[in-house]
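**Q** Quick one: the structure is below, and I'll ask about it shortly.
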Amino acid sequence: MTSSTPQWRDDRAPFSAGQFSSDGYYEEFAPTELLPGEMKSTFDEVTGTPIVVFNLDGELYALEDQCTHEEFELSSGTFDTEEGSIECVLHSARFDVRDGRALCAPAYTAVPKFPVKREHDAVWTRDDRD
Ligand code: FES
């Protein structure tokens with residue numbers, strides 16, 4: 001049987017990354033791979049969207065891994081845990097990791113924010129744009 005619709009894994013199945021939940025999330029990695037003060041790049045398997053997940057004081061936030069200035073990958077930049085921001089390595093635009101808003105020039109447009117959750121001993125994200 002083939003299906004293009006992502007399916008929720010059987011709860012009795014052993015853990016392995018790369019499963020889909022019934023609400024459209026994709027299983028990215030184990031929570032132990034992202035400690036407070038760290039960020040990790042990944043992507044949505046369905047849409048191919050690059051995603052960067054931040055652990056800011058134990059809270060997880062997910063943004064598109066793409067600067068809105070010239071579309072460079074944000075995960076190459078510097079995560080400032082004091083400010084809660086990511087600075088693009090190319091031209092130094094900064095974005096708030098909690099909501100994606102641009103904090104300074106040369107970027108003026110927010111980076112899309114995505115839902116992220118810890119569940120079934122994994123970190124899950126999804127590109128929820130239509
Ligand atoms: S590409 Fe990010 S600041 Fe220019």
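**Q** Could you state the per residue volume, in Å³, of the convex hull enclosing the Cα atoms of the chain?
**A** 103 Å³
**Q** Still on this structure: Have a look at Ala105, Gly77, Asn55 and report the one farthest towards the positive end of the charge dipole of region 26-125, computed about the Cα centre with Cβ charges (Lys/Arg +1, Asp/Glu -1).
**A** After comparing all options, I get Ala105.
**Q** If r is the Cβ-Cβ distance from Ser41 to Glu71 and R0 is 25 Å, what FRET efficiency results, to the nearest 0.05?
**A** The computed FRET efficiency comes out at 0.95.
**Q** Round to a whole angstrom and tell me the spacing of the C-alpha centers of region 104-130 and region 28-94.
**A** One Cα centre to the other: 9 Å.
**Q** For a label point 7 angstrom out from the Cα of Glu59 toward its Cβ, which stretches of region 15-49 have the backbone nitrogen within less than 19 Å?
**A** 34-40
**Q** Could you compute the FRET efficiency for His120 and Leu90, with r as their C-beta to C-beta distance and R0 at 35 Å, rounded to 0.05?
**A** 0.45
**Q** Next question. Which trypsin sites (Lys or Arg not before Pro) does region 71-130 hold that lie in a coil by DSSP with at most 13 other beta carbons within 10 Å?
**A** Arg129
**Q** Rounded to the nearest 20 Debye, what is the dipole magnitude of region 26-125 about its Cα centre when Lys and Arg each give +1 and Asp and Glu each give -1 at the C-beta?
**A** 220 debye
No value in this document is a laboratory result; all are computed from the given coordinates. Everything numeric here is computed off the predicted structure, so don't read it as measured data. Note that we place each Cβ from the backbone using ideal geometry, even for glycine, and neighbour counts take in every protein chain shown.
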